[in-house]
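Beneath this line is the structure, given in structure tokens, with notes to follow.
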Amino acid sequence: MNKFVMINLNIFIVLTFVIYSVFAMVDDVVIEPKSSGGKTVALMYAPGCGIGPEAYVPLANAIQSAMTPEYDLWVGIPALPLNVTTLGLKKAFNRVAEELTKAGLPSNHETLYGGHSLGGAVVPMLVAEPEKLPEGFDQPKGMVLMGAFLTRSFKTDAVPEVGPGQYLFD
């Protein structure tokens, strides 16, 4: 093959992958509680970069099991374009909030936000501006951050009595 054909073939392959990744998105994950009768809580969970929402189903199930029967935990994990957490997370949380509500989440629920890795680093920035969170999900009671890092805007001075490299969350 000549060089021109090889370049065009490579461009075609890359464009095909990008188009497929954008339009063949997996569905958001919405998990209803395993029990009823407890305090209703919604967990909005942001995946790590490059990880699809379905990878967090076992974690969500384990958290639900640990919280039952005191809490009825609903979990929403959004699918994101190209599985990149920073691409449209706010819009994705709005979409998942609607899906949770349509699935039967009561309006009188508590809300937690969480995330893994880059998702856990982005979530505090969204939660810091509750007026930009989905209606009914705009008064978060806490965050669950796993394998995440704090961006500079949230770091305090190190707290050596807690442990090496430990920070408080402002």
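The values are calculated or read from the model by the stated rules, or taken from the named source; none is laboratory data. Predicted, not measured: the structure shown is a model, and the values here were computed from it. Glycine gets a Cβ as well: all are built from the backbone with ideal geometry, and neighbour counts include every protein chain shown. Ligands, DNA and RNA are excluded from the accessible area calculation, which covers all protein heavy atoms including side chains. Shrake-Rupley method; radii C 1.70, N 1.55, O 1.52, S 1.80 Å.
Structure above, values below:
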item: Local electrostatic count at D27 - Lys and Arg +1, Asp and Glu -1, tallied over other residues with Cβ under 10 Å; result: -3
item: Reachable aspartates and glutamates, given that their alpha-carbon falls under 14 Å from the alpha-carbon of K34 and they are not under 8 places away in the same chain; result: E70, D72
item: Whether the stretch 13-142 is rounded, prolate or oblate, judged on the alpha carbon gyration tensor where a/c under 1.5 counts as rounded; result: prolate
item: Accessible area per residue in Å² at 1.4 Å probe, computed on the stretch 64-107; result: 47 Å²
item: Quarter of Cα convex hull surface for the stretch 85-160, i.e. mean projection, nm²; result: 5.7 nm²
item: Accessible area in the full protein assembly, largest first, 1.4 Å probe, for M146, M44; result: M146, M44
item: Residues I11 and M146, FRET efficiency given R0 of 35 Å [Cβ-Cβ distance, rounded to 0.05]; result: 0.35
item: Under 15 Å, Cβ to Cβ, from K141 - net charge with Lys/Arg +1 and Asp/Glu -1; result: -3
